[in-house]
């Protein structure tokens, strides 16, 4: 399946990238068409020509952010599937992905804002539930190939890693990578991905 963001026109992608920055920096209340147009350097009314309502903009932004994260996770899953049971490689790959995401704080902050917004928006919640189900499924498959999944491990691992990633955003930048690396090591070991 081709992610929705790959089907976007360059202008829509530009608008959604600007919307992601606005959401990350100004929060959900700051996400307006006018703010997105300013962030993108476009004439007023440009974003509303592509996304007529705020709900349409928020929904498209949810897909845009989820697609970006999903593509990275899918690639991670493929790399880990090629080395089942290799604990050190798993830690290095997951830590590497998280480090790359930490270099994109707007992506992570926007995802956090969208997750909170989804608690009040059934349509957005549905989009994020599908994305999370896909993510858990990919992690479950990696654990299954390593002979480690007991049914609940994938869900728990995703929730725990999610917490680590989001907690790292409030740390000083100089501490983030070490925190992520050490936390990933502890979680992967604790949930049984280390070879017996």
Original post:
Hey, among 125, 110, which residue is buried (at least 19 other Cβ atoms within 10 Å of the Cβ) and at pLDDT 85 or above?
Top reply: 110
Original post:
If the Cβ limit is 9 Å and pairs must be 6+ apart or interchain, which residue in the stretch 108-136 that is more than 20 Å from residue 71 (Cα to Cα) pairs with which residue that is at pLDDT below 85 and part of a helix (DSSP H, G or I)?
Top reply: 118/127; 118/128
Subject >> Meets criteria (surrounded by 15 or more Cβ atoms within 10 Å (Cβ to Cβ), in contact (Cβ under 8 Å) with a residue 40 or more places away in the chain and under 14 Å from residue 66 (Cα atoms)) for residue 102 >> reply: no
Original post:
Which condition number does residue 66 fail, the rest of (1) touching a helix residue (DSSP H, G or I) at 6+ places or on another chain (Cβ under 8 Å); (2) exposed (fewer than 14 other Cβ atoms within 10 Å of the Cβ) being met?
Top reply: (2)
Original post:
Quick check: is even one residue across the stretch 34-46 over 15 Å from residue 14 (Cβ atoms) and under 16 Å from the mean Cα position of the chain (by Cα)?
Top reply: no
Subject >> Unique residue being surrounded by 18 or more Cβ atoms within 10 Å (Cβ to Cβ) and either within 13 Å of the chain's Cα centre (by Cα) or under 22 Å from residue 129 (Cβ atoms) (or both) when the list is 97, 80 >> reply: 97
Original post:
Which residue, of 22, 2, is surrounded by 18 or more Cβ atoms within 10 Å (Cβ to Cβ) and either farther than 28 Å from residue 143 by Cβ or modelled with pLDDT under 90 (or both)?
Top reply: 22
Original post:
So which residues in the stretch 134-181 are part of a loop (DSSP other than H, G, I, E, B) and either modelled with pLDDT of 80 or more or exposed (fewer than 13 other Cβ atoms within 10 Å of the Cβ) (or both)?
Top reply: 147, 150, 151, 152, 169, 170, 171, 172
Original post:
Is it true that residue 96 is outside any helix (DSSP H, G or I) and at pLDDT below 90?
Top reply: no
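The values are calculated or read from the model by the stated rules, or taken from the named source; none is laboratory data. Just so it is clear, the structure is predicted and the values come from calculations on it, not from any experiment. Reconstructed Cβ throughout: ideal geometry from the backbone, glycine too, with neighbour counts over all protein chains shown.
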